[in-house]
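Working notes, structure below.
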Amino acid sequence: MLTLTGQRLRLCDGVSRRSFLRIGGLAMGGMSLPQILRAQEAAGESSRHKAVIMIFLAGGPPHQDMLDLKPDAPSTVRGEFDPIDTNVSGIRISELMPRVAAMMDRFSIIRSLVGAQGRHDAFECCTGHHFGSNQPQGGWPAMGSSLSRLMGPVDASVPTYVDLSHKMAHDPWNIKGPGFLGMNHAPFRPDGESMQNITLRDISQERLAGRTSLLSELDRFRRTVDRELASGLYDDFTEQALGVLTSSKLVEAMNLEKEDPAVRARYGKDNADVLGYSHDKGYQAIMSRFLQARRLVEAGARCVTCSFAHFDWHGQNFGNARKVVPLLDQGVAALVEDLHERGLDQDVTVLVWGEFGRTPKINERAGRDHWPKVHAALLAGGGMTTGQVIGSTNRLAEEASDRPIHMQDVFATVYRNLGINVASTTIPDNNGRPQYLVERHAAIPELA
């Protein structure tokens, strides 16, 4: 095992530099480097690097206060916020989202999203499947795990599937893993337990800067591993993995000190206590996660997920929205602007959504309750047609009145953006039975 010791440097995401720079152990989030290399050899190098960034809004964001305002509804429904014009004629969204409004031509809104089952769980948003569906043994994999299985890594030193979410107190909200695909395709979590297995023993950061000292320590490590390889316990892929163990590409992607300060400022400042009770529960507004997501897909990740704050506002809906939604607006707008500036808008799909919507009627605590009948989603990038609204709800935002879009249709669209045809692509489960990625195979034609 190799361990880096030395001065603790706090990064913007709250992870100390000392704890992050652990680079041994031959494993990343359950996905070992030898297995990555095997997958890469089997899949071959991708001619284009397509990716998806999914931002999960745990708790169910209020669609009536963000993307589908009803200013003509009764006061018990319309709430406290006014719609504002966007840079696309005829499209109006919440006054709390001026940055997205100013670049609406780069986004598409789905206002008629259906298929939610009303449970506080990231399952549907991560896998595309229903809770009650006939799950194979081991359970359905998340999209990122499916991409890991189907496409393999772009770069052997960068995990295919990265989850930047904080550990949330309500466990079902935490981003889902590999299901029946097994731990080889689990998401890599930079602040998770897997990082603790990677170490350069007794090498400080100061000594790391000295190549002679580092080379000496690595030579000693290599000799130890060579003896183990000679024992026949490991294969050629394990030996090859040693060549990428010390790659700095993943560390560089996570290190925001490498980013232009002006770009970092555009994303805004992290707020661990945005709601006053979120710091110890994982419901934090960590703006730097959006920037890290962009850096990770640029480095080679195919799927990056992150959660943002907390939206289960049964009380104080409007006060909480004033704190959280403008931060989300800033982070999402900065991410999409960044992707366009870097020429990644054709290849990287951005999906922002939660598990369901909120009740049209405001309750006695100035909150909105669970409403699975309809909700909304925001999409960008991926080469999709943008600057449009798809579907509509009735005058009280109670149900889809035009063009209902199922959550699985969104999955089919994202997979299409990634070059995967869900009508023909299957993955064998643990019993060898082919399983489709989603049951519904209709990508959204308006987004083609």
key: Contour minus Cα-Cα distance for N394 and S424 (0.36 nm per residue)   = 7.2 nm
query = HN-Hα J couplings of region 336-347 from phi, Karplus 6.51/-1.76/1.60, θ = phi - 60°, integer Hz, Gly and Pro as x?
reply = 5, 4, 4, 4, 5, 4, 9, x, 9, 5, 7, 10
note = Length gained if A169 through D270 is fully extended, taking 0.36 nm per residue and subtracting the Cα-Cα distance, is 34.4 nm
remark   = L113 neighbourhood, Cβ < 14 Å, K/R = +1, D/E = -1, net charge -3
key: Sites D260 and R322 - FRET efficiency at Förster radius 41 Å, r taken between beta-carbons, to 0.05   = 0.85
note = Expressed as a whole-number percentage, the relative contact order of region 126-185 with C-alpha contacts under 8 angstrom and at least six residues apart is 44
key: Segments 130-140, 97-107, 339-349, 286-296 sorted - mean Cβ within 10 Å per residue, highest first   = 286-296, 97-107, 339-349, 130-140
note = Too long for a 32 Å Cα-Cα cut-off, among K176/K249; K249/K323; K50/K269, are K249/K323
ask   = Which lysines does K361 reach when only Cα atoms under 17 Å apart count, and residues fewer than 8 places away in its own chain are ignored?
value = K70, K373
task = May I ask you to order 117-125, 180-188, 256-264, 431-439 by the average number of other C-beta atoms within 10 Å around their residues, highest value first?
result = 180-188, 117-125, 431-439, 256-264
note = 1/(1 + (r/R0)^6) with r = Cβ-Cβ of E364 and N134, R0 = 41 Å, i.e. FRET efficiency to nearest 0.05, evaluates to 0.50
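Every number in this text was worked out from the coordinates using simple rules, so none of it is lab data. Predicted, not measured: the structure shown is a model, and the values here were computed from it. Neighbour counts run over all protein chains shown; Cβ positions are idealised from the backbone, glycine included.
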